[in-house]
Structure formats: structure tokens, C-alpha cells
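Asker: One structure, as C-alpha cells, below. Some questions next.
The values are calculated or read from the model by the stated rules, or taken from the named source; none is laboratory data. Keep in mind the model is a prediction, meaning the values are calculated, not measured. Ideal geometry is used to build each Cβ from the backbone, glycine not excepted, and the neighbour counts take in all protein chains shown. For accessibility, only protein heavy atoms count, side chains too; no ligands or nucleic acids. Shrake-Rupley method; radii C 1.70, N 1.55, O 1.52, S 1.80 Å.
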Amino acid sequence: MNSNNLGTFRILFIVKGILTFLLSLLFIAYAGFGWFFMNFTTLENEPDVAFNPGIIFVIFGGIGLLFCIAFGILNLLVAKYLKETRHYQFIFVVAILNCITGVLGILLGVFTIIELQKPEIKALFEKK
């Protein structure tokens, strides 16, 4: 009988990956907001403004978008590796990284680390 929770954690990592991809839509809107300010505001005629503030929105939106896409891919890879019971260290590192992404990430990361520390789970990963 299979008494581990790897299947449950696999589903939770898929959900976390999808939610992270959905969060990237917010950063796309943020960058679009900055692009709107860069192109449709007339700050060139103002001598007091040193630069266009829309650039800051585009930069932060782009960085956030890249972060969300990368983190979503990592979460989906963890779900794949949990199913295959491979790459123990990779799963462990991504579980630690999940702890910096809010309450859902903290819960998922901590409980994944606890599950990975069980001797029977370590034995499953060492078989392959």
C-alpha cells in the first residue's frame, strides 16, 4: 500500500504553478500600464521631468513577468519529478524557494520538506 503523500503534493505543485502563471498576467498589465504612460503622455515638453516614469513600470513589470514564468515552470517540473520520484535535491530546493512566495508557498514548501525527510520517501528516490 502506498502511504506517502507525493501524489497530493504533485497536485498542489501543479495548482501553485498555474496560480503563478496567472499572477504573471498582473505583471503584464503592470508593464502595459507603463507602456501607456511612456507613449501617450506628453512629458517631453516639461523641463522639470528628467525621465519618463513609465519606464519604471515597464522594467518592474518585465522583471516580475520573468520571475513568475520561471517560478511557474519550476513548480510544474517539481510536479513532474514527484510523479517520477526523481531529482530529490531539485524538489528540495524548489520547496525551499516556495517558502518566499507567500502563505501558500510557505505551507507547500514546509510540508513538502517534511514529507521529503521521511526515510521511506528517501528510499523511493534512491531506487531510481
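Asker: Tell me, what is the per residue accessible area of the chain in Å², probe radius 1.4 Å? Write out the running numbers ahead of the final one.
Answerer: Numbers: 8220 Å² over 128 residues.
The answer is 64 Å² per residue.
Asker: Explain nothing, just the number: relative contact order of the chain, from Cα pairs under 8 Å at least 6 residues apart, as a whole percent.
Answerer: Answer for the chain is 30 percent.
Asker: State to the nearest 20 debye the size of the charge dipole of region 58-128 about its Cα centre, where the only charges are +1 on K and R beta carbons and -1 on D and E beta carbons.
Answerer: On the way: 7 positive and 4 negative charges, 42 e Å.
In total the dipole reaches around 200 debye.
Asker: With the full set of protein chains in place, find how many percent of the accessible area of the chain is carbon and sulfur; take the probe as 1.4 Å. Before the final figure, lay out each step's value.
Answerer: Numbers: 6040 of 8220 Å².
Summing carbon and sulfur atoms, their accessible area is 73 percent of the total for the chain.
Asker: Here are some values of Cα extents along the principal axes in Å: [x] 73, 24, 19; [y] 38, 36, 24; [z] 43, 29, 21. Which one was computed from this structure?
Answerer: Answer label, from the structure shown: [x].
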